[in-house]
Amino acid sequence: MAEPVLEVGGLVKHYPLTQGVLFKKQVGAVRAVDGVDFTLLKGETLGIVGESGCGKSTVARMLVNLERPTAGTIRYRGEDITRLSGRALKAVRRNIQMVFQDPYTSLNPRMTVGDIVGEPFEIHPEAAPKGDRRARVRELLEVVGLNPEHVNRYPHQFSGGQRQRIGIARGLALRPEIIVADEPVSALDVSVQAQVINLMERLQSEFGLAYVFIAHDLSIVRHICDRVGVMYLGRIVEIGTESEIYDHPTHPYTQALLSAVPVPDPGAREHRERIILSGDVPAPTNIPSGCRFRTRCWKARERCALEVPPLAVPEEFRASTGPAAHDSACHFAEEKQVVPPE
């Protein structure tokens, strides 16, 4: 069993809603992240998936301290980094780096590629002697498959896939242990996505990286991730290994998500049962009581409105060691997928 490098417990991020001009009064809150728990093991890839607005990117930004959590803990090798500041936080940030979603806006257009990739060495001068930095930058560009002779070019002179490679090179500069990748391929063409994913897998093997991989494309997540957490309305509702989640989903929301994944085989597509959810995702300012998925769930009963289901192995599977015995936040989880009535 690999050792945990990152442990997230009870992570919460609420954005206050205020009223008034001079004397602002808080009248509510946007509950973007509302109690997230997970562990990242050394060298593994943990995928976090869900609909737009479910809180995935907010979690990513809190992991690298771009957002301060309202509550909860983020422990890197046992140390709660949410309590750190100044030099202590700066030291931890060397080990947790981020690759951003949009390669067109995450690179400074006024800086050359060499300056962009080398900027981490300016912030952390102890990471590389000043005389070696130019050589390190060229080495990093070569590692991610770019021509080191292009070190003096600007971001607009590269394609989208090449820009994302520049972002990855910048993330690798300080030799981190963890990389948080916030939808790193969603803005790229499909053929380029495959190239970037293959690059990330190679770098993981070469440098022993652990990834938190944020995405909404379930096919990509299945390809790259060891474990997967499914988020809905600010919380993880199911988490398990790739095979447990994709082959034996127990939460109704996960089942609905997987039923929407396009299938290229027409024969398989005809025999697959589609789950069409009714209603809309509730607003994060007005989250339903009990189970937050109950307003769209075909299994919902009175208990779902009264009790918040814990993220744990469902009671009916606790005696089992099979693939259905993984954490799922549902009172009525079933191994067999149940399709809602028409």
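The values are calculated or read from the model by the stated rules, or taken from the named source; none is laboratory data. The model shown is predicted, which means the values in this text are computed figures rather than measured ones. All Cβ positions, glycine included, derive from the backbone under ideal geometry; neighbour counts span all protein chains shown.
A few comments on the model shown:
- Of the residues examined, LEU66 is not one that is over 30 Å from ARG202 (Cα atoms), surrounded by fewer than 19 Cβ atoms within 10 Å (Cβ to Cβ), at pLDDT below 95 and not hydroxyl-bearing (Ser, Thr, Tyr).
- One residue stands out among those in region 210-269 that are small (Gly, Ala, Ser), closer than 20 Å to LEU199 by Cα and outside any helix (DSSP H, G or I): the one that is modelled with the lowest pLDDT, which is ALA215.
- One residue alone among LEU218, LEU203 is farther than 30 Å from VAL281 by Cβ and in contact (Cβ under 8 Å) with a residue 60 or more places away in the chain, and that residue is LEU203.
- Here CYS330 does not qualify as in contact with a helix residue (DSSP H, G or I) (Cβ under 7 Å, 6 or more places away or on another chain) and assigned to a helix (DSSP H, G or I).
- Residue, surrounded by the most Cβ atoms within 10 Å (Cβ to Cβ), within region 28-41, restricted to residues that are under 18 Å from the mean Cα position of the chain (by Cα) and over 13 Å from VAL212 (Cβ atoms): VAL33
- Considering residues of region 176-200 that are touching a residue at least 60 places away in the same chain (Cβ under 8 Å) and assigned to a loop (DSSP other than H, G, I, E, B) only, the residue nearest to GLN97 (Cα to Cα): PRO176
- First in region 9-20 and farther than 22 Å from ASP80 by Cα, second anywhere and surrounded by 12 or more Cβ atoms within 10 Å (Cβ to Cβ) and modelled with pLDDT under 90, Cβ under 7 Å, 6 or more apart: LEU17/GLY28
- Only one of THR250, THR241 that is over 25 Å from GLY43 (Cβ atoms) and in contact (Cβ under 8 Å) with a residue 24 or more places away in the chain: THR250
- For SER320, the requirement of being at pLDDT 90 or above and among the hydroxyl-bearing types (Ser, Thr, Tyr) is not met.
- Looking across region 78-123, the residues that are among the acidic types (Asp, Glu) and in a strand (DSSP E or B) come down to GLU79, ASP80.
- Top-ranked residue of region 141-190 - restricted to ones that are β-branched (Val, Ile, Thr) and under 27 Å from HIS216 (Cβ atoms), ranked as surrounded by the fewest Cβ atoms within 10 Å (Cβ to Cβ): VAL190
- Restricting region 1-41 to residues that are outside any strand (DSSP E or B) and of a type in the set (A, V, I, L, M), the residue that is modelled with the lowest pLDDT: MET1
- Hits in region 291-308 (condition: over 25 Å from the mean Cα position of the chain (by Cα) and in a loop (DSSP other than H, G, I, E, B)): TRP298, LYS299, ALA300, ARG301, GLU307
- Considered as a group, the residues in region 153-189 that are more than 19 Å from the chain's Cα centre (by Cα) and among the aliphatic types (A, V, I, L, M) include one that is farthest from TYR104 (Cα to Cα), and that residue is LEU174.
- Any hit, region 267-285, residues being closer than 16 Å to THR45 by Cα and exposed (fewer than 15 other Cβ atoms within 10 Å of the Cβ): no
- Residues of region 1-27 classified as surrounded by fewer than 16 Cβ atoms within 10 Å (Cβ to Cβ) and more than 22 Å from LEU233 (Cβ to Cβ), total: 11
- Of the residues screened, VAL196 is not one that is surrounded by 22 or more Cβ atoms within 10 Å (Cβ to Cβ), under 13 Å from the mean Cα position of the chain (by Cα), closer than 14 Å to GLN162 by Cα and in the same structural domain as GLN97 (by TED's automatic domain parsing).
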